[in-house]
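First comes the structure, then the notes that go with it.
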């Protein structure tokens, strides 16, 4: 892997929109995802096979997948990922042709129980069964990404020791997942805690197997990303415009904004394949429907300079 | 200098308030400055000896200085700095007992001309005369900080080469200024451009003589600060709550917020002497008068969690 290549893993259409109150139509989502791909996005999470009654924002995931997977040229060079939280999600995912699965667990028991209704151990067992079954159907086409949330802090248990996170990472890796995304769910990480976790994780896994997923709740997302890049990480999760917010502190900033990340990476001479200007135009068009201020600083300035058009 | 000590240079009462449309009363400013000092701030820029008709926000600088300098215990352990842009400012500054002077120039000619009405060379000449005269009166009590604005980009001339900035730094240093604050006036710096400028600057000056002054216009202020700290810089300019905005892109974020900086530094185990919680309470009380959203991410989350009280 060349050191100046960075993979941006765009989570706006899933992690982002799932935490926005505005409901987008299927047509709007297809436009959003297609436009991000046209701007150069190569890895994008487009939906989640969760219960439509519980997460109405993701209710059209099956149709969205059908649209993209039934005619592969619609995705161009991009990989579209979906969250498959359990066995009932597995069935739906396979039916509509999903090959890139994301599974979701946590570093803290309380969060796992409240968020996915399972202990960490139960979730790992569930993933094992999902992946075993999916491999039978998809063979080597199956790609799996495992999220470890609350990796730095938990809204219920407070500070989280790296040891705890590393143990979950180790077990996920043993299941054969291709990539593990280390998530600062509540945005409490800082460069020192990033280093304290990423350094030992890099002794367990290849850097291509690790992604970081920062929230900007306390302003440190980009600084944490910089430290991760310094340490060798080359896959960064981010969300168009900072879509998503923070469910644990409504009104606070959520996901790291892809635009801010791109501005920094471009400046550092790192290549992502994404055109920042094209990307901004897509996000701005989407944000016109969302009744809250933009959280991406870069986009705020873009609007101040060029207006909303 | 111990490596885990970081000096925060608080610019909220000057650089911050000067760029806010709301006018604060003398009493409110005294409260604001005194409260920041009580929260542990040790270096604070409190005013500017500019023309009151041009910058009404700074019109009470003389009275403010009189209040603090006529009874030194009001400042406690803090150093209060004032901007002294020219000879007419010098007279006023000396009359009210200012000992810590800030002078202001730029790395680009167009910005210098439009902002201070002088060429860079003229401004350096002016500073030389100001400092010579001030030294006669104050002797070794005189401390001087020189700002070099547009050090990474200029609203009129675009990208700025490190060579240009280093030349201004060298000339300022030759005048005997104690500290030079390198300013990213329009917020276009990123970690690579920070490194490209700070590394050679550190060959010319001791790290204690260099401060960095980042604006968060494109989201990179804290990442740039992290890179500066990595390189050895230990003096960081920031503004309470992110006060100040960006005069070149109204609506965009301005100065790096002190709260976000403190959160990161605390996490990294660096000592500043400032209590983050006390600091937040002061900023929030001030922000109730300002009719724009908070830009500090940390404060946004603080409000989301604890409310405005």
> Any idea how far apart residue B:51 and residue B:119 come out in nm if each label point goes 7 Å out from Cα toward Cβ?
Replying inline: 2.2
>> Taking residue B:97 in one copy and the same position in all the others, each labelled 7 Å out along Cα→Cβ, what are the pairwise distances from the first, in nm, shortest first?
In response: 7.9
> With each pseudo-label sitting 7 Å past Cα toward Cβ, what's the residue A:271-residue A:174 distance in nm, one decimal?
Replying inline: 4.0
>> I need the inter-copy label distances for residue A:202: point set 7 Å along Cα to C-beta, values in nm with one decimal, smallest first.
In response: 1.9
> Put a dot 7 Å past each Cα toward the Cβ at residue B:306 and residue A:199; how far apart are the dots in nm?
Replying inline: 3.2
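Which values, in whole Å and largest first, are the semi-axes of the equivalent ellipsoid of the protein assembly as shown obtained as the square root of 5 times each eigenvalue of the Cα gyration tensor?
Numbers: eigenvalues 459, 105, 95 Å².
Square roots of five times the eigenvalues give 48, 23, 22 Å.
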> Where in segment B:88-130 does the label zone of residue B:167 land, with the point 7 angstrom along Cα→C-beta and an amide N cut-off under 18 Å?
Replying inline: B:105-114, B:118-126
>> Suppose you put the label 7 Å out from Cα in the Cβ direction; list, shortest first and in nm with one decimal, how far residue A:141 is from each other copy's label.
In response: 8.2
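For each of A:259, B:129, count neighbouring Cβ atoms within 10 Å of the residue's Cβ, then give the residues from fewest to most.
Values: A:259 30, B:129 12.
Least crowded to most crowded, the residues run B:129, A:259.
If R0 is 41 Å, what FRET efficiency do you get for residue B:128 and residue A:192 from their C-beta distance, rounded to 0.05?
On the way: r = 43 Å, r/R0 = 1.04.
Efficiency, from the Cβ-Cβ distance: 0.45.
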> Among A:274, A:30, A:116, which one moves the most in a GNM of chain A with springs linking Cα atoms closer than 10 Å?
Replying inline: A:116
> For the rotation bringing B onto A, which B residue has its Cβ nearest the axis, and at how many Å?
Replying inline: B:223, 2
>> Please report the spacing between the Cα centers of segment A:206-226 and segment B:8-71 in Å, no decimals.
In response: 37
>> When only alpha-carbon atoms are used, what values of Rg and Dmax, in angstrom, describe segment A:80-175?
In response: 13.6, 40
> Which of A:182, B:37 comes first, and how do the rest follow, when ranked by fewest Cβ neighbours within 10 Å?
Replying inline: B:37, A:182
>> Taking each residue in B:209-220, count the Cβ atoms of any other chain within 10 Å of its Cβ, then average. What number comes out?
In response: 5
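Using only DSSP helix segments of four residues or longer, with each worth -39500 (n - 2.57), what per-residue ellipticity at 222 nm results for chain A after dividing by its residue count and rounding to 500?
Numbers: 11 runs with 128 residues, N = 309.
Calculated at 222 nm, the ellipticity per residue is -12500 deg cm²/dmol.
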> If the chain between residue A:159 and residue A:95 were fully stretched, how many nm would it gain, using 0.36 nm times the residue separation less the Cα-Cα distance?
Replying inline: 19.0 nm
>> At 0.36 nm per residue, and after removing the present C-alpha to C-alpha distance, how many nm does the segment from residue A:73 to residue A:23 gain when stretched out fully?
In response: 15.3 nm
>> For a quick check: sort B:58, A:270 by the number of other beta carbons within 10 angstrom, fewest at the front.
In response: A:270, B:58
> Three principal axis extents, largest first, for the C-alpha atoms of segment B:7-306, in Å?
Replying inline: 50, 45, 34
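Bear in mind these aren't lab numbers, they're just calculated from the coordinates by the rules spelled out. No experiment lies behind these values; they were computed from the predicted model shown. Because the Cβ atoms are built from the backbone with ideal geometry, glycine has one as well, and the counts that use them run over all protein chains shown.
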